[in-house]
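What follows is a set of notes on a single structure, which appears directly below.
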Amino acid sequence: MSMKEAVAAFVHDGATVSLEGFTHLVPTAAGHEIIRQGRKDLTVVRMTADIVVDQMLAAGCVSRLVSSFVGNSSAGSLGELRRRIERADPAPLAFEEYSHYGMVCRYLAGSQRLPFYPLRSYGGSDLPSVNSDLRKVVSPYPGPGGEQEQIYVVPPVNPDVTIIHAQRADRRGNTQIWGLTGIQAEAVYAADKAIVVVEEVVADEVVRSDPNRTVVPSHAVDAVVVCPRGAHPSFAQGYYDRDNAFYRAWSHISKDPERLRAWLAEWVYGTADHAEYVDKLGEDFWAGLAVGEALSEPVNYGRRL
């Protein structure tokens, strides 16, 4: 599908939408299309709520955020998110906070259709004081010293739709990722529907030649969207580098609500799609984010003689 078709088909007002990609492969272009289509009252689930979430907030798409980290990826702050949480300006934001591992466990529970997932890492934490969904249950097994043990659990998350970005897929949706693989596979399996956005669609033979890189298999995918450079300003390992200058600039852009809305007007609402956004940046810009080769060694999977 095109990005426009996929968002129209699977992202509806009031939906719970997971946008996953850790450090690289952030589904930015998908977030921009959600903005263009004017979706409202979304619950956004994202482990590392960053620039794309800030932009969706500013566009009025998001009423609830479920996350374990909010920030501008070591380059500053998220102005719109801070205004909404700290001052309810221009509207409040419901925010459910977890640890990174807590979010991983929620996706694990969701993908396996479990009622909850146990973890020890909330012991001694103050997160339970701000999130009533972090609860304790009595373990049916003896603790380390033989005593009865109470252990924290988190609830599953089952998005209406998960959107991930990846390096490549075949036309059936067998999706390959390398570099940081994050929690994308579990986020896809936890969801009712899944959109995979890729840098390129490749022949079946390419995917079959290296099956271990297939992180998400075709039976879990509802739409494949080809969107080169769709993770900008984050990066796609092996395709283009991180736009560090934009991350640094975003703190200043998002700090000023008028400047932020002017940016959205020019770069999101003012572009018909991500291809136009890419063209607007220009080839000289993209040349500055080009990456060289760092090839892995071939693997011999063997074949029957």
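The values are calculated or read from the model by the stated rules, or taken from the named source; none is laboratory data. Owing to the predicted nature of the structure, the values given are computational and were not obtained by experimental measurement. Note that we place each Cβ from the backbone using ideal geometry, even for glycine, and neighbour counts take in every protein chain shown. Protein only, heavy atoms only, side chains kept; ligands, DNA and RNA dropped before computing areas. Shrake-Rupley method; radii C 1.70, N 1.55, O 1.52, S 1.80 Å.
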Evaluated at 25 °C and 0.890 mPa s, the Stokes-Einstein D of the range 24-80 based on the Kirkwood radius over Cα pairs, in µm²/s, stands at 215 µm²/s
Could you compute the FRET efficiency for TYR141 and HIS100, with r as their C-beta to C-beta distance and R0 at 35 Å, rounded to 0.05?
0.85
For the range 83-139, state the average projected area of the convex hull of the C-alpha atoms over all orientations, rounded to one decimal in nm².
5.1 nm²
Can you pull the accessible area of LEU108 for me, 1.4 Å probe, Å² to the nearest 10?
30 Å²
What residues qualify as long-range amide H neighbours of ARG135, i.e. H under 5 Å apart, gap of 5 or more or another chain, H built at 1.01 Å from N?
VAL153
How far is it, in nm, from the label point at ALA8 to the one at GLU293 when both lie 7 Å from their Cα along the line to the Cβ?
4.1 nm
Efficiency by 1/(1 + (r/R0)^6): what FRET value for THR23 and GLN148, r their Cβ-Cβ distance, R0 = 41 Å, to the nearest 0.05?
0.50
How large is log10 of I(q)/I(0) for the chain at q = 0.07, 0.14, 0.16 Å⁻¹ when the intensity is taken from the Debye formula with one equal scatterer per alpha-carbon?
-0.29, -1.07, -1.34
Karplus couplings for the range 204-213 from phi (6.51 cos²θ - 1.76 cosθ + 1.60, θ = phi - 60°), rounded to Hz, Gly and Pro as x?
3, 4, 5, 5, 5, 6, 9, x, 5, 7
Quick one: of LYS193/LYS255; LYS4/LYS40; LYS4/LYS193; LYS40/LYS193, which pairs are farther than 25 Å apart, Cα to Cα?
LYS193/LYS255
